[in-house]
């Protein structure tokens, strides 16, 4: 087995450990519900399978680390250092990455001395990934609107309980009343599977002769833009799974969406989301007193609210109209949607294949790994509108 196969074997063994742990937890829940439904042999077998899987995972990890330690390093010029234990600075890490990047283009050699293959590449260092994430926030990323969970495996599952399904404790009539059992919680299992999202860009080989700073800055900007576009698209796809509400035609329909759609506990953390064309219409909508529906936030003048609820706007390009109708979401996307981030970006490049040789260019492939799942479809709702009528005079709270 080569180094990549040993690495994949270790990851797969880790996934098996996680799955068997989920099996143990499911068996425990089954036992709690009905002790007679689970035998001692069932519990022993579950424990034995889990322990065996842990040993197999540890064995696979050790094999991978031993193989990595025994790799013959690429020939390098001696580097002078004031201290053998000196830590690399962030600048050294970035320069090393840039050096490995250009070396991979020119010679096809990976940092460990092996040759690049179709499934091998350079893992982007933490400092560069941090810079990428900083840029991401500048490109109208929707990722901050949803819950983000960092994961270390390619797939898994989570158990959630919807807020609306929690029932109150029983009220006892007197001090001697019998305390009964609580009703069992309604749990939902959400499974995630990390997908690979990849893109290829072409750069001139002249850029590879530039400074490390320029090279890294270009790479960070390109990856950040691609990452935002990709993740936004997947988040919007999940937003489209929200329960549909009647078409909004008048001012008070928006009030109904706000006041009578979600559980009040969710309502307090909710916000509105629409596209640019929809915002243009809503911004002109007036109540019976002639006041605009959308008002500036007194604490943040550059932001706008409806009844204190933030109004978020997405460009029409990313959140388009459907059959001439503008979308309007209301709810708490952090409670409704989770993005599972594998945090394992990787780049691979070639100056020979995919037409790069003929044009004296380099093809760069970036792979990002994540998944987006709907957690609670009761946490937000979707409506739509074409035109909205102002509130009719005489229907406001003032009675005028």
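Taking R0 as 30 Å, what FRET efficiency do you get between residue 55 and residue 198 from their Cβ-Cβ distance, rounded to the nearest 0.05?
Details: r = 35 Å, r/R0 = 1.16.
Step by step, r from the Cβ atoms, then E = 0.30.
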- Task: May I ask for the equivalent-ellipsoid semi-axes of segment 294-341, computed as the square root of five times each C-alpha gyration tensor eigenvalue and listed largest first in whole Å?
- Result: 22, 18, 11
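In what sequence, highest mean first, do 37-50, 220-233 appear when ranked by Cβ atoms within 10 angstrom? Each step should come with its number before you reach the end.
Working: 37-50: 12.4, 220-233: 18.2.
Going by the mean number of other Cβ atoms within 10 Å, highest first, we get 220-233, 37-50.
Any read-out appearing in this document is the output of simple, stated calculations on the displayed coordinates, not a laboratory observation. Fair warning: this is a prediction, and the values are worked out from it, not measured in the lab. Quick reminder, even Gly has a Cβ in these numbers, built from the backbone with ideal geometry, and neighbours come from all protein chains shown.
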